[in-house]
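Let me begin by presenting the structure, written as structure tokens, before commenting on it.
The values are calculated or read from the model by the stated rules, or taken from the named source; none is laboratory data. Treat the numbers as computed from the prediction; the structure is a model and nothing was measured. Here Cβ is always computed from backbone atoms with ideal geometry, including for glycine, and neighbour counts include all displayed protein chains.
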Amino acid sequence: MTAAQGPIADAVRDGTLPGRVWLYSNYHCNLACSYCLTESSPRSERRELTAAQMIAVAEQAKELGFTALGITGGEPFLLPWLPEAVLEMVQHLPLVLLNNGTLFVGERLERAAKLAHPGIALQISLDSHLPDINDMARGPDNFSKVVESVPRLLERGVQVRIATTTAGPLDSPALDPLKALVASWGVPADDHIVRPIVRRGRADERGLGVQAIARDIPSELCITADGAFWGSFGPTVRNGRLDTDLLLTRTILPLAVPANALLAAIGGMPQGADAALGIR
Amino acid sequence: MPRVELLDAETAPLSAQQYFSGGDPGPIVAALATVPELLGPALGFVGPALGAGAVGVRIKEFAILRTSALQGCSYCINAHTTVSLDVGLTGHEVRALRGETALEEAFVLAAERAMIGWIDALAGATGAIPDDVWAEARAHWAEHELVEVAVTVGATMFLNRFATGLQLPTSPQVLERLTAEGLS
Ligand code: SF4
């Protein structure tokens, strides 16, 4: 297999452009977390990508020289066709699949078990080792559902990462018991991501989190049904309106169109300028 | 009421920000910004197509105002009535180009009449353009000038349908000016 050629591949290789392409598979969710960037809830507009679009993004991302994929939402596992599409996508690039970890029971668990693949990691949100604190932001019984789901997935050979979103300092000792809980599942420390609440979407309406402008947000290409955005924190929703300030293009395929627009947009921005707030 | 959201400095995409940094860029840019990959190319085309060019601003405003009148675009008629006055057309000429009075009375020069005939044939009709219209225009104007005006008419027709279809609003300043000039 020859290495990808062209300006995108060069920019990924020299670190100008992050290697990961994000996809918002859908915007609706079975939860309605207090800091949700996309105002997701069971009643949200779905804004779904199709399986064919997601697979095409994966294929073209590889051809252009990107090195990884990420899928987020909304709650991707609400889409019945998702596991099969993900298995096709990973033929092209490794991927991380963000989800809330609350749907892995019965048939859905067995469908998710198909994702036991070295190129696929499920990134599950868990914000505190204290059920009450966690559930205050993420909804009733969230903690118990997640702590039941993670071992079930691991038993089935599925790779799991944990993401913690916090209003406090990212290195706070208050997070140590949560880190210990995650470690007790056998999840490596590097696979436990701690990140701040970003003040966009519902978090902005409620005055939560850190203010972020484009240069604070990792400049990863992010594909949604509404267009392509600067970063996975770009296509947020506030008061029912999709934020357009970080919109790159309405065209999503061919992927070269938004990829080149992103490359043009980051021109002149110093490398690593997005690292200051720890947003990832 | 416009049919689409008109973006502003806060909501405009990154690549469109440059057009908002000097204040409100007007509803055409504010509507186009919702498809940012088209904004630069569209303005890159429309700007030179409507600019002075080789034929000069007077002829360009003939093309823009006349085309807008033939296409029934109130947004562009309003905007280019004021531009036409600014570049020196008289109220009488503006009214004639807007189709409100006879062209023959307002324009006496054969070259200008021939150019208006070319504009009318491009913007006010469909199908083939008669040879005599072209021949009359060529008798007074170089090929490149007629090509340039054809581009201006085409760009204006794009703006006419864009502004009309999306119901873009005329700015209060333009409406005030039109009232003051008796051309509203
Ligand atoms: S933060 Fe995630 S889990 Fe919570 S409502 Fe939003 S999409 Fe759903």
statement: residue B:72 passes all but one of the listed conditions (1) under 12 Å from the mean Cα position of the chain (by Cα); (2) within 30 Å of residue A:264 (Cβ to Cβ); (3) at pLDDT 95 or above; (4) loosely packed, with under 14 Cβ neighbours inside 10 Å; the exception is number (2)
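So, residue B:15, is that one touching a residue at least 24 places away in the same chain (Cβ under 8 Å), surrounded by fewer than 21 Cβ atoms within 10 Å (Cβ to Cβ) and within 11 Å of chain A (Cβ to nearest Cβ) or not?
Numbers: touching a residue at least 24 places away in the same chain (Cβ under 8 Å): yes; surrounded by fewer than 21 Cβ atoms within 10 Å (Cβ to Cβ): yes; within 11 Å of chain A (Cβ to nearest Cβ): yes.
Taking the combined requirement at face value, the residue satisfies it.
Which residue is farthest from residue A:225 (Cα to Cα), if the candidates are limited to the stretch A:1-25 and must be within 16 Å of the ligand (Cβ to nearest atom) and touching a residue at least 60 places away in the same chain (Cβ under 8 Å)? Show your work before the answer.
In the first step, residues of the stretch A:1-25 are kept if they are within 16 Å of the ligand (Cβ to nearest atom); the result is A:22-25.
Subset that is touching a residue at least 60 places away in the same chain (Cβ under 8 Å): A:22-24.
Numbers: A:22: 12, A:23: 9, A:24: 8 Å.
So, considering only residues that are within 16 Å of the ligand (Cβ to nearest atom) and touching a residue at least 60 places away in the same chain (Cβ under 8 Å), the one farthest from residue A:225 (Cα to Cα) is A:22.
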- prompt: What is the one condition in (1) in a helix (DSSP H, G or I); (2) within 16 Å of the ligand (Cβ to nearest atom) that residue A:128 does not satisfy?
  reply: (1)
field: Complete set of residues in the stretch A:180-214 that are loosely packed, with under 14 Cβ neighbours inside 10 Å and within 14 Å of another protein chain (Cβ to nearest Cβ)
entry: A:211, A:213
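Here is a yes/no grid of residues against (1) of a type in the set (A, V, I, L, M); (2) in a helix (DSSP H, G or I); (3) within 13 Å of the chain's Cα centre (by Cα):
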residue	(1), (2), (3)
B:49	yes, yes, yes
B:53	no, no, no
B:59	yes, yes, yes
B:67	no, yes, yes
B:77	yes, yes, yes
B:100	no, no, no
query: Which residues, taken from the stretch A:215-235, are in contact with a Cys (Cβ under 9 Å, 6 or more places away or on another chain) and within 13 Å of chain B (Cβ to nearest Cβ)?
result: A:228, A:229, A:230, A:231, A:234, A:235
- request: Working only within the stretch B:156-176, note down all residues that are part of a helix (DSSP H, G or I) and either in contact (Cβ under 8 Å) with a residue 24 or more places away in the chain or among the hydroxyl-bearing types (Ser, Thr, Tyr) (or both).
  value: B:156, B:157, B:158, B:159, B:160, B:161, B:162, B:163, B:164, B:165, B:174, B:175
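Residues are listed down the side, and each one gets a yes or a no for (1) of a type in the set (Gly, Ala, Ser); (2) surrounded by fewer than 18 Cβ atoms within 10 Å (Cβ to Cβ); (3) assigned to a loop (DSSP other than H, G, I, E, B); (4) not assigned by TED's automatic domain parsing to the domain that holds residue B:146:
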site	(1), (2), (3), (4)
B:4	no, yes, yes, yes
B:22	yes, yes, yes, yes
B:39	no, no, no, yes
B:45	no, yes, no, yes
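Which residues, taken from the stretch A:83-104, are aliphatic (A, V, I, L, M) and either over 23 Å from residue A:19 (Cα atoms) or within 14 Å of the ligand (Cβ to nearest atom) (or both)?
As a first pass, look at the stretch A:83-104 and keep what is aliphatic (A, V, I, L, M): A:85-87, A:89-90, A:93, A:95-98, A:103.
The answer is A:97, A:98, A:103.
Taking the criterion of being within 23 Å of residue A:220 (Cβ to Cβ), modelled with pLDDT of 95 or more, within 18 Å of the chain's Cα centre (by Cα) and not in a helix (DSSP H, G or I), would at least one residue in the stretch A:139-158 satisfy it?
Just the residues of the stretch A:139-158 that are within 23 Å of residue A:220 (Cβ to Cβ), to begin with: none.
No, there is no match, as no residue in the stretch A:139-158 is within 23 Å of residue A:220 (Cβ to Cβ), modelled with pLDDT of 95 or more, within 18 Å of the chain's Cα centre (by Cα) and not in a helix (DSSP H, G or I).
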Considering residues of the stretch A:237-253 that are more than 16 Å from residue B:32 (Cα to Cα) and in a strand (DSSP E or B) only, the residue nearest to the other protein chains (Cβ to nearest Cβ): A:241
message: Return the residues of the stretch A:37-67 that are surrounded by fewer than 24 Cβ atoms within 10 Å (Cβ to Cβ), within 18 Å of residue A:103 (Cβ to Cβ) and either within 12 Å of the ligand (Cβ to nearest atom) or in contact (Cβ under 8 Å) with a residue 60 or more places away in the chain (or both); say none if nothing qualifies.
response: A:41, A:42, A:43, A:44, A:48
- prompt: Right, residue A:99: under 22 Å from residue A:39 (Cβ atoms) and more than 16 Å from the chain's Cα centre (by Cα) or not?
  reply: no
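Every residue, every condition in (1) under 15 Å from the mean Cα position of the chain (by Cα); (2) crowded, with 21+ Cβ neighbours inside 10 Å, yes or no:
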{"position": "B:85", "(1), (2)": "yes, no"}
{"position": "B:90", "(1), (2)": "no, no"}
{"position": "B:94", "(1), (2)": "yes, yes"}
{"position": "B:97", "(1), (2)": "yes, yes"}
{"position": "B:106", "(1), (2)": "no, no"}
{"position": "B:110", "(1), (2)": "no, no"}
{"position": "B:121", "(1), (2)": "no, no"}
{"position": "B:125", "(1), (2)": "no, no"}
{"position": "B:128", "(1), (2)": "no, no"}
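Based on what the data block shows, is residue B:134 closer than 17 Å to residue B:57 by Cα, over 18 Å from the mean Cα position of the chain (by Cα) and not aliphatic (A, V, I, L, M)? Explain how you work it out, then say what you get.
Values: closer than 17 Å to residue B:57 by Cα: no; over 18 Å from the mean Cα position of the chain (by Cα): yes; not aliphatic (A, V, I, L, M): yes.
So residue B:134 does not fit the description; no.
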